[in-house]
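The values are calculated or read from the model by the stated rules, or taken from the named source; none is laboratory data. A quick note: this is a predicted structure, and the numbers were derived from the prediction, not measured. We place every Cβ from the backbone using ideal geometry, glycine too, and count neighbours over all the protein chains shown. Note: accessible area is taken over every heavy atom of the protein model, side chains too, but ligands, DNA and RNA are not part of it. Shrake-Rupley method; radii C 1.70, N 1.55, O 1.52, S 1.80 Å.
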Amino acid sequence: MFLAGAECPFTCSFCDLWRWTLDGPTPPGALPTQLAQALESIAPPVPHRLKLYNASNFFDRRAVPAEDLPRIAELAAPFAAVTVESHAKTIGPLTLEFAALLTGRLEVAVGLETIHPVATAHLNKKLDLDGFDRAAAFLVEHDIDLRAFALLGAPYVPVEESIEWTVRTVEYAAAHGASRIAVIPVRGGNGEIERLQALGDFVPPTLTQLETVLERCLAFSSAVVSADLWDVERLPACEACRSERVARLRQMNLSGLAQPAVSCSVCA
């Protein structure tokens with residue numbers, strides 16, 4: 001469920017979620033109203049998991065008023081698990097309060113993005129590895145599931161090292177308790193990415209790079225690793241085999257197993 005609320009206070013260079021947020025704080029009652037209306041469209045049987053994405057940080061009181069948490073939890077009662085997204089810095093007492101209100105398990109999705117030292121310092125995320133480690137340890141200590149995001153093609157990561165650093169980031173997230181990890185190819189469209197590309201600090205990741213990363217991660221990771229296929233048609237790729245490669249990625253996402261490689265005479 002995509003919910004409209006206040007904009008995230010962190011201005012990460014790769015993010016474009018601000019385009020779907022409000023100019024001011026989220027009005028109390030707005031999110032429960034949106035969620036109730038959206039849930040009315042779900043026909044039985046009820047899905048196992050509910051994901052609430054508000055294009056910001058779920059535990060930022062400006063984005064999600066604390067007084068709305070009981071009603072949101074009530075609406076989420078039919079689900080065995082609830083996933084929300086939040087910056088590592090906003091994880092704390094409010095996270096525990098929401099977890100206690102839920103009938104099912106809570107999973108918090110946190111953007112690790114990359115462990116590349118130069119990129120981490122320049123993404124404007126205001127998060128270092130120690131900050132991620134503290135948030136991950138807090139969630140693990142309180143029996144709350146951790147989902148992590150790893151970027152493919154993060155700005156400031158040399159293109160020839162992009163695959164390796166993405167795989168290392170997935171490894172790092174799994175080692176710190178993430179049970180699910182999504183690999184997200186960086187996409188343009190927010191203006192800043194285009195500026196960085198013009199400066200040579202960003203090179204768009206390709207479809208075959210995403211394939212390679214997922215295939216490698218499935219071979220070693222104890223976590224459930226998947227490729228984010230949102231806007232996958234925008235990734236540079238050979239048009240002769242694009243559809244087959246996307247189908248392969250979808251199947252690997254569903255099965256958790258590597259699939260037979262795509263053979264293409266055009267891009268071989």
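So which of 46, 64 ends up being in a loop (DSSP other than H, G, I, E, B) and touching a Pro at 6+ places or on another chain (Cβ under 9 Å)? Talk me through it step by step, then tell me what you get.
Working: 64 fails: touching a Pro at 6+ places or on another chain (Cβ under 9 Å).
Answer to the check: 46.
When you go through 5, 24 one by one, which is the residue that is on the phi < 0 side of the Ramachandran plot and within 20 Å of the chain's Cα centre (by Cα)? Before the answer, list the steps.
Details: 24 fails: within 20 Å of the chain's Cα centre (by Cα).
Criteria check complete, one pass: 5.
What's the number of the condition residue 121 fails, among (1) loosely packed, with under 15 Cβ neighbours inside 10 Å; (2) among the aliphatic types (A, V, I, L, M); (3) modelled with pLDDT of 95 or more?
The failed condition is (3).
In region 236-253, which residues are part of a loop (DSSP other than H, G, I, E, B) and under 23 Å from residue 161 (Cα atoms)?
Here is the first cut: in region 236-253, the ones part of a loop (DSSP other than H, G, I, E, B) are 236-241.
Those that are part of a loop (DSSP other than H, G, I, E, B) and under 23 Å from residue 161 (Cα atoms): 236, 237, 238.
Any idea which residue in region 192-210 is farthest from residue 264 (Cα to Cα), counting only those that are assigned to a helix (DSSP H, G or I) and in contact with a helix residue (DSSP H, G or I) (Cβ under 6 Å, 6 or more places away or on another chain)? It would help to see each step written out before you state the result.
Step one: list which residues in region 192-210 are assigned to a helix (DSSP H, G or I), which gives 192-199, 207-210.
Next, only the ones that are in contact with a helix residue (DSSP H, G or I) (Cβ under 6 Å, 6 or more places away or on another chain) stay: 207, 209.
Working: 207: 14, 209: 16 Å.
Ranking the qualifying residues of region 192-210, first place goes to 209.
Any idea which of 187, 168 is touching a residue at least 40 places away in the same chain (Cβ under 8 Å) and either at positive phi or surrounded by fewer than 18 Cβ atoms within 10 Å (Cβ to Cβ) (or both)?
Details: 187 fails: either at positive phi or surrounded by fewer than 18 Cβ atoms within 10 Å (Cβ to Cβ) (or both).
So the residue among 187, 168 that is touching a residue at least 40 places away in the same chain (Cβ under 8 Å) and either at positive phi or surrounded by fewer than 18 Cβ atoms within 10 Å (Cβ to Cβ) (or both) is 168.
Starting from residues that are touching a residue at least 12 places away in the same chain (Cβ under 8 Å) and open to solvent by less than 60 Å² (accessible area, probe 1.4 Å), keep the ones in region 241-250 and report whichever is nearest to residue 218 (Cα to Cα). Lay out the reasoning, then the answer.
From region 241-250, those touching a residue at least 12 places away in the same chain (Cβ under 8 Å) are 241-242, 244-246, 248-250; that's our starting set.
Among the residues that remain, those that are also open to solvent by less than 60 Å² (accessible area, probe 1.4 Å) are: 241-242, 245-246, 248-249.
Values: 241: 22, 242: 21, 245: 16, 246: 16, 248: 13, 249: 12 Å.
Looking at residues that are touching a residue at least 12 places away in the same chain (Cβ under 8 Å) and open to solvent by less than 60 Å² (accessible area, probe 1.4 Å), I get 249.
Considering only region 216-235, state which residues are open to solvent by less than 60 Å² (accessible area, probe 1.4 Å) and assigned to a loop (DSSP other than H, G, I, E, B). Give the steps one after another, and end with the answer.
Restricting attention to region 216-235, the residues satisfying the condition of being open to solvent by less than 60 Å² (accessible area, probe 1.4 Å) are 217-218, 221, 223, 225-229, 231-232, 235.
Scanning region 216-235 gives 221, 223, 228, 229, 231, 235.
Would you check if residue 101 is within 19 Å of the chain's Cα centre (by Cα) and of a type outside the set (D, E, K, R)? Reasoning before the result, please.
Values: within 19 Å of the chain's Cα centre (by Cα): no; of a type outside the set (D, E, K, R): yes.
No.
In region 171-184, which residues are within 18 Å of residue 231 (Cβ to Cβ) and open to solvent by less than 10 Å² (accessible area, probe 1.4 Å)? Reasoning before the result, please.
Step one: filter region 171-184 for residues within 18 Å of residue 231 (Cβ to Cβ), giving 182-184.
Across region 171-184, the qualifying residue is only 183.
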